[in-house]
Amino acid sequence: MMENPLGAHILFHIGPLPVDAAVVVTWGLIAGLGLGSWWATRRLSLTPGRLQSVLELLVSTIDAQIADTVRGDPARFRPLIGTLLVFILCANWSSLIPGVEAPTARLETDAALALIVFAATLWFGIRVNGLGGYLAGFARPTWAMLPMNLVEQLTRHLSLMVRLFGNVMSGGFVIAILLGLAGLLVPIPIMALDMLTGAVQAYIFAILALVFIGSAVEGEGDAHKETDA
């Protein structure tokens, strides 16, 4: 049963810093994905096997989505967007393990992910356009829009956090309630739906992050596509 999403289940302390269950699960996901990536790519070949073929398909799919959204070499954004997609997907699905709460059902985890996207937007925008050019983009089409553009920059990253938190948390609550009321077998279709929802939310977060970065790189409104969620 999920606890208060704004509370924290403290497991231990590192000095004065409390470490809760969500942090431990996040550490486990990072370690598992890191080791899994090393193991899967340790013997790449010009004649790919099944695993390498799956990985190449994943990379080419991510590159195609990036190319459809932002002009230029997809390799610039592949590490960030691919990592966000895979991590959030695994984090969302971790709730299917008995006794494990998805880290993305915690507000602080989603806030950290949104902050990463915000920092990446600033980094790529300034790197491509220069500090002056990036800041000038907030005054488009007129200087009167400066306050609105600044507010939009903050609120759309806030929406990333709220959207992911709300959808993952609510899905976990539904499954927990059904498990308590109906036993193990009845919620299985709901768990399958939760897997689909987790995958969709991971995709939405990654693609919106890409759209935000693309807007910063190419100027507001110049990205190829805007994505509704």
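Observations
- The one condition in (1) surrounded by 18 or more Cβ atoms within 10 Å (Cβ to Cβ); (2) within 14 Å of LEU164 (Cα to Cα) that LEU80 fails to fulfil: (2)
- Qualifying positions in the stretch 100-149 - of a type in the set (Lys, Arg), under 26 Å from the mean Cα position of the chain (by Cα) and exposed (fewer than 14 other Cβ atoms within 10 Å of the Cβ): ARG127
Every read-out reported here was derived from the displayed coordinates using simple, explicitly stated rules and does not represent laboratory data. This is a predicted model, so every value here is computed, not measured. With ideal geometry, Cβ positions are generated from the backbone for all residues, glycine too; neighbour counts draw on all protein chains shown.
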